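Chemist: Here you go, one structure.
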Amino acid sequence: MSVATAVAEQVLNGLVVGMVYVLLAAGLSIIFGVMDVINFAHGELFALGAYFAFAIAGPLGGAGFWVALVVAPLLVGVIGMAIERLTVKRLYGRDPLYHILLTFGLVLIINDLITSVWGKSAQPFPIPAALDQPIALFGFTYSMYNYAIIVIGSVLALGTWLLLSRTQFGMIIRAGSEDREMVRNLGINIDRYYTLTFGFGAALAGVAGIVLGAFQNVSPTMGNAVIIPAFVIVVLGGLGSFRGAVAGGLFVGLVQTLARTYTPFLEGLIVFLLMIVVLVVKPTGLFGTSIGAGEHHDGALLHGAGGGVLSSETRAKLGYAAVGVLVLVPFLAELTGVTYSVTLLEDILIWALFALSLDLVLGYAGLVSLGHTLFYGVGAYASVLTLIHISPSVFVALVVAVIVCAAIAWFVGYLSIRVSGVFFAMITLGFAELFYNAVFKFDFTGGSDGLFGVDVFYGLAGLGIDPSEFEIPLGLFVFDGGIVQYYFLLAVVVGSYLLARRLIRAPFGSVLQAIRESEDRASFIGYDVTAYKRRAFVVSGGLAGLAGGLFAANNGYVAPSFLHWINSGEVIVMTVLGGMGTLYGPMIGAGVFVAAEDILSSYIDQWQLVIGVLFVLFVIFVPRGLVSLPQTVADHPTFGSVVRDQTKVTETEVEQHD
Amino acid sequence: MTDPLLSVRDLVSGYGSTRVLQGVNLDVDKGSVVTLIGRNGVGKTTTLRSILGSVSPTSGTVTFDGTDITELSPEKTAQEGIALVPEERRVFPGLTVRENVEIGRIGGRRDIEKPSVDEIIDEFENLARHHESRGANLSGGEQQMLAIARALVSAPDLLMLDEPTEGLAPSIVKQVQRKITELNDEGVTILLVEQNVQVALDAADYVYILDKGQVVHEGPADEVAASEEVLDRYLGVSLAE
């Protein structure tokens, strides 16, 4: 095969992948452009398309694929419309953050439904026989099915473009993406168009899933695998720009394919590098304009949870009580024999610290860090590498983790904090994915296995406790290395909370909150908004790194999964679940989330589904988080009357907090 | 005497826990131009928004052509035949002039024949010249005309204009003023909110002065214009000729 043919084949392969991306990204971009919804469930709709087609085509045999190609996207479209009507619609007008959370819950639900219907393993989905052969065009032989993908993709992209630019439907959609209230004022029921748009975007994702499913196979992880590249494309091309989605899709498809063949080291990295470079140079993406995508509310609609209904005194008492209980747990566990509870609590404490770190930026600076697991993961790697290569001391390892993560946060913040809102979210996600893909590539990070079997020492210069040898009998109890580890963890987490609280109560914290409420006003008063946000981000990155380092040191290993975006999603979930902007709320959220996950997963197979449903309900009905529940109850017309009399005094205090 | 086209009774309305309107009463007769004037922040825009339904009134009623529209959503109110030319114009920046008008034609009442897009564009000289330009590329005055055209194409029974001369050059203000008079001559009923007292009084048949969320004075435009005491007390202006 000549070089020219080889390149031509790679280019065609790139176009095939690119076309799938175009279909996927077009739907995602239209949904974002029109409704401001960042739809993380788009990948699952893509997978649903593939599975529906798989289910329809199988029994029909020969022509089954073609029937499925029409019917399955329609079904996905209907599901998309139902999702919009029942869930997404309730959150319009709120910060886009809530849609991220909502659709994150939907990912769990749909994914669990897929695995419970079709199983966890990948299944072959055959290409229709008529297309399953090579064809020679211009003296060049290539798969007919691949040509078919390019044709199907082109036709649908062209059709979508015509729909958007030449029809009344498209005109209303475009107008709605610019000023939805004005469209309403004209007497047009924009809600109906939103539902249709969501359905249309979902159907496009469905088509993409079908063509890719037959190209590879169908598997429950296929949605998860494409959602991040799809976001990259949408951001690269310009949020909400259809042209951008098409150009970005083809470009990323080509770059990925060519990189895989010619520069294997860069595979998986190059796309994120490109995205970061583009966003830094041109934050609106290649084809984006400030119209539509720029008008984000800069956190003004982020619901801080406020102080809750309890007075600060009560809260302090509860805090002491909680720490007291946590101190006693190892003894109770020993007494009752439920030693497992200590392990669970360690997990909770680490996630609580991670959530606390996120709250500093999300809840106080209004920065949606969508890739916060970057710091968690890097902290874990940094501490394990330090333990292996530099010193077995946990203290040294954690200090290194914090410093490295703070430095990376400074760098990422330097590049991205001047870009606001959604773009910041996407850049942080881009960096997290970049590191996630990078740790697979190097030997010193242990590749896909990670690094494990690390021994730790709680001390410095030979003075301290080696947990593997430590054992002091104490009456009924044995005070061993595991307990040392637990108390150390508890002390670090409580200490970090106190530090964060000190920071927020200092003038620094007040400025941050002012920035969250109104960036413009804070800067008019004379504060350097960017500098303040960056500082908060550095502190937050350091604390997240500490959390990651603690986990790695506690468990003696680190793996690429520490950097997976699911962690970033989960920590946002915990933060909002508990009530952001309170510091202690996210920590409670982490406790509830981790405990619920642990308990549910040991009793129910479909635990993800249950968590997903709970989470969707929560985002819709209790957006201010668990800590707002007492307030919500107190405000309730019937339940509240009882509570209200007792809380009159504290409510005035709550207002001051808000 | 026939019933007024629009009748607002004891309207209380606002945002969150802030009450902006504290019981507003006003009538707009068919074929007339009624203006609402007052200082900043007294509730003029909120009155229009409450009539349209983009702010839900706490109490009071809004009756339009015999129908109670108090609880209707903005889209339903618009479908009853009320069109708004909003503050700051709010033309769709990415849509062409033609598309801006076309989308206005999709809205409004369903049961009537509406003028064609071309007819409306031809009525506005500057728009006809730029009909393929995007809204964002128009001048302030052109955008104002476009916002009026977008409202007119739905053939509304009542046209509400919110500060249509704000931020425009004096010569353009005159054009807008002329357009309002012209439209009224063609039989369009107009409810105008205006900061520019001169424009407001010149254009109007009847005037309501709003202060602190209530109508504090009302009367035929020429009477209000003649009463220095009223102008001075409520608006702090004098119309020295």
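The values are calculated or read from the model by the stated rules, or taken from the named source; none is laboratory data. Computed from a predicted model, the values in this text were never measured in an experiment. Here the Cβ is made from the backbone with ideal geometry for all residues, glycine too, and neighbour counts use every protein chain on show.
Chemist: When the residues of the stretch B:76-113 are filtered to those that are under 27 Å from B:Gly31 (Cβ atoms) and free of Cβ contacts under 8 Å to residues at least 24 places away in the same chain, which remaining residue is nearest to the other protein chains (Cβ to nearest Cβ)?
Modeler: B:Ile106
Chemist: Here's a follow-up. Please go through (1) within 25 Å of B:Val33 (Cα to Cα); (2) crowded, with 19+ Cβ neighbours inside 10 Å; (3) modelled with pLDDT of 90 or more for B:Glu119 and return the number of the only condition it doesn't satisfy.
Modeler: Going through the list (1) within 25 Å of B:Val33 (Cα to Cα); (2) crowded, with 19+ Cβ neighbours inside 10 Å; (3) modelled with pLDDT of 90 or more, B:Glu119 breaks only (2).
Chemist: Go through the stretch A:443-464 and give me each residue that's surrounded by fewer than 11 Cβ atoms within 10 Å (Cβ to Cβ) and within 39 Å of the chain's Cα centre (by Cα).
Modeler: A:Asp443, A:Gly453
Chemist: Yes or no: A:Pro467 farther than 24 Å from A:Ala322 by Cβ, buried (at least 17 other Cβ atoms within 10 Å of the Cβ) and assigned by TED's automatic domain parsing to the domain that holds A:Gly319?
Modeler: Yes.
Chemist: Okay, moving on. Whether any residue in the stretch A:556-566 is in a helix (DSSP H, G or I), buried (at least 23 other Cβ atoms within 10 Å of the Cβ) and modelled with pLDDT of 90 or more is what I want to check.
Modeler: Yes - at least one qualifying residue is present in the stretch A:556-566.
Chemist: Continuing with this model, one more query. Identify, from the list B:Ala155, B:Ala136, the residue that is part of a helix (DSSP H, G or I) and either within 14 Å of chain A (Cβ to nearest Cβ) or in contact (Cβ under 8 Å) with a residue 40 or more places away in the chain (or both).
Modeler: Residue meeting the stated conditions: B:Ala136.
Chemist: Right, here's the next one. Looking only at the stretch A:47-62, decide whether some residue is in a helix (DSSP H, G or I), within 22 Å of the chain's Cα centre (by Cα) and either buried (at least 24 other Cβ atoms within 10 Å of the Cβ) or at pLDDT 90 or above (or both).
Modeler: Looking through the stretch A:47-62, at least one residue is in a helix (DSSP H, G or I), within 22 Å of the chain's Cα centre (by Cα) and either buried (at least 24 other Cβ atoms within 10 Å of the Cβ) or at pLDDT 90 or above (or both).
Chemist: So if I check each of B:Glu132, B:Glu87, which one is of a type in the set (D, E, K, R) and closer than 24 Å to A:Arg166 by Cα?
Modeler: Among B:Glu132, B:Glu87, only B:Glu132 is of a type in the set (D, E, K, R) and closer than 24 Å to A:Arg166 by Cα.
Chemist: Taking the stretch A:69-128 only, how many residues are in contact with a Phe, Trp or Tyr (Cβ under 7 Å, 6 or more places away or on another chain) and either more than 23 Å from A:Ile611 (Cα to Cα) or not in a helix (DSSP H, G or I) (or both)?
Modeler: 7
Chemist: Can you tell me which residues in the stretch A:510-545 are of a type in the set (Gly, Ala, Ser), surrounded by fewer than 19 Cβ atoms within 10 Å (Cβ to Cβ) and in a helix (DSSP H, G or I)?
Modeler: Correct list: A:Ser510, A:Ala514, A:Ser523, A:Ala531.
Chemist: Same structure again: When the stretch B:65-75 is examined, which residues are found to be more than 14 Å from A:Arg184 (Cα to Cα) and either within 13 Å of chain A (Cβ to nearest Cβ) or surrounded by 23 or more Cβ atoms within 10 Å (Cβ to Cβ) (or both)?
Modeler: Listed by number, the list holds a single entry, B:Ile69.
Chemist: Okay, moving on. Scanning the stretch A:213-227 for residues that are crowded, with 23+ Cβ neighbours inside 10 Å and over 22 Å from the mean Cα position of the chain (by Cα), which turns out farthest from A:Ser154 (Cα to Cα)?
Modeler: Here the residue is A:Val218.
Chemist: Quickly run through the stretch A:458-486 and pick out the residues that are assigned to a helix (DSSP H, G or I) and either farther than 14 Å from A:Ala553 by Cα or in contact (Cβ under 8 Å) with a residue 40 or more places away in the chain (or both).
Modeler: Result: A:Gly482, A:Ile483, A:Gln485, A:Tyr486.
Chemist: Further question on the same structure: What are the residue pairs meeting all of these: first residue in the stretch A:109-135, first residue under 11 Å from A:Val218 (Cα atoms), second residue acidic (Asp, Glu) and part of a loop (DSSP other than H, G, I, E, B), Cβ atoms under 9 Å, and 6 or more apart or on different chains?
Modeler: Taking only residues 6 or more apart or on different chains, the pairs are A:Pro126/A:Asp132.
For every residue, the table says whether it meets (1) facing chain B (nearest Cβ under 7 Å); (2) over 21 Å from B:Thr96 (Cβ atoms); (3) surrounded by fewer than 20 Cβ atoms within 10 Å (Cβ to Cβ); (4) more than 30 Å from the chain's Cα centre (by Cα).
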| residue | (1), (2), (3), (4) |
| --- | --- |
| A:Val155 | no, yes, yes, yes |
| A:Thr160 | no, no, no, no |
| A:Phe169 | no, no, yes, yes |
| A:Ile188 | yes, no, no, yes |
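Chemist: Considering only residues that are touching a helix residue (DSSP H, G or I) at 6+ places or on another chain (Cβ under 8 Å) and surrounded by fewer than 24 Cβ atoms within 10 Å (Cβ to Cβ), which ones fall in the stretch A:85-99?
Modeler: Result: A:Arg85, A:Thr87, A:Lys89, A:Arg90, A:Leu91, A:Tyr92, A:Pro96, A:Tyr98.
Chemist: Any chance the stretch A:192-212 includes a residue that's among the β-branched types (Val, Ile, Thr), part of a loop (DSSP other than H, G, I, E, B) and surrounded by fewer than 23 Cβ atoms within 10 Å (Cβ to Cβ)?
Modeler: Scanning the stretch A:192-212, I find no residue that is among the β-branched types (Val, Ile, Thr), part of a loop (DSSP other than H, G, I, E, B) and surrounded by fewer than 23 Cβ atoms within 10 Å (Cβ to Cβ), so the answer is no.
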